[in-house]
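Below: the structure, in structure tokens.
The values are calculated or read from the model by the stated rules, or taken from the named source; none is laboratory data. Because the structure is a prediction, the values reported are computed rather than measured. Reconstructed Cβ throughout: ideal geometry from the backbone, glycine too, with neighbour counts over all protein chains shown.
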Amino acid sequence: MLTLAFDTATSAATAALVRDGNVLGERVSRAVAVLEDADELLRESGVERSELTGIVVGTGPGSFTGLRLGLATARGLALALGLPVAGVSTLDALALGAPGALPVIDGGRREVFTLVDGEPVIRAPQDVHGALCVGSGAVRYRAILEANGAEVPSDDDERHLPRGRFHAQLAGEPGAAGDVEPLYLRVPDAERNA
């Protein structure tokens, strides 16, 4: 299996090309560059688009715009290339990349997205308690989390990134692109203000 996996839910978008569990290449950039990253991964690995067997996309929670961009990209590629798609939680990918750590994603509005008893939730940073916290929310709210007794790795520690390789590892059986839904934990600002 040759999988293109990417996540655009956080400020650092990640992409990976994975063949049978082996990472052929990875990129970290921004959500708007995910197609360019995919093209570079294929070219640098000497792989043709026709060799791809599936796409894995991060479903969030995270930035509304980033999630929509990632899902639209996955659906567009799936349609153009005739590929199945699997969705994977960004929180789960972060957790896989940092075993034993609590994934914490910046949710804006002075909130974070995290896991409580394995379920995604919204919390105020001061209500998050974990021994080791990773992710964009852990970086942004480092002082608060450390005051709560958590350890937060340095800002440039790769455990803060929801790497595409972890999405590929967690992906279940891919299916129709239209069946993959974003994980929203609250109503988007545009709907809330309407």
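All of Ala86, Ala95 fail the test of being part of a helix (DSSP H, G or I), of a type outside the set (Ser, Thr, Tyr), touching a strand residue (DSSP E or B) at 6+ places or on another chain (Cβ under 8 Å) and surrounded by 17 or more Cβ atoms within 10 Å (Cβ to Cβ), apart from Ala95.
Return yes when Val47 is more than 11 Å from the chain's Cα centre (by Cα), of a type in the set (A, V, I, L, M, F, W, C), at pLDDT below 95 and part of a helix (DSSP H, G or I) and no when it is not.
Working: more than 11 Å from the chain's Cα centre (by Cα): yes; of a type in the set (A, V, I, L, M, F, W, C): yes; at pLDDT below 95: yes; part of a helix (DSSP H, G or I): no.
The answer is no for Val47.
Name the residues in the stretch 70-83 that are over 12 Å from the mean Cα position of the chain (by Cα) and either buried (at least 16 other Cβ atoms within 10 Å of the Cβ) or hydrophobic (A, V, I, L, M, F, W, C) (or both), would you? Ala72, Thr73, Ala74, Arg75, Leu77, Ala78, Leu79, Ala80, Leu81, Leu83, listed by residue number.
A single member of Gly137, Gly149, Gly130 is at positive phi and either surrounded by fewer than 21 Cβ atoms within 10 Å (Cβ to Cβ) or modelled with pLDDT of 95 or more (or both), and it is Gly149.
Name the residues in the stretch 1-29 that are among the charged types (D, E, K, R) and touching a helix residue (DSSP H, G or I) at 6+ places or on another chain (Cβ under 9 Å), would you? So that I can check it myself, show each step before the final result.
Going residue by residue through the stretch 1-29, those that are among the charged types (D, E, K, R) are 7, 19-20, 26-27.
Asp7, Arg19, Glu26, Arg27 - these are the residues of the stretch 1-29 that are among the charged types (D, E, K, R) and touching a helix residue (DSSP H, G or I) at 6+ places or on another chain (Cβ under 9 Å).
What residue, of Gly108, Gly66, Gly58, is under 23 Å from Glu146 (Cβ atoms), surrounded by 14 or more Cβ atoms within 10 Å (Cβ to Cβ) and of a type outside the set (S, T, N, Q)? The match here is Gly108. Hey, can you tell me all the residues within the stretch 52-68 that are among the hydrophobic types (A, V, I, L, M, F, W, C) and within 12 Å of the chain's Cα centre (by Cα)? Of everything in the stretch 52-68, those that are among the hydrophobic types (A, V, I, L, M, F, W, C) and within 12 Å of the chain's Cα centre (by Cα) turn out to be Val56, Val57, Leu67.
If we scan the stretch 4-27, do we find a residue that is assigned to a helix (DSSP H, G or I) and out of contact with any Pro (no Cβ under 9 Å at 6 or more places or on another chain)? Walk me through how you get there before you give the answer.
Here is the first cut: in the stretch 4-27, the residues assigned to a helix (DSSP H, G or I) are none.
No, that holds for no residue.
Residue by residue through the stretch 152-169, note down the ones that are part of a helix (DSSP H, G or I) and either charged (D, E, K, R) or more than 22 Å from Asn22 (Cα to Cα) (or both). I'd like the intermediate steps shown before the answer.
If we filter the stretch 152-169 for residues that are part of a helix (DSSP H, G or I), which is where we start, we get 158-160, 164-169.
Passing the criteria: Glu158, Arg159, Arg165.
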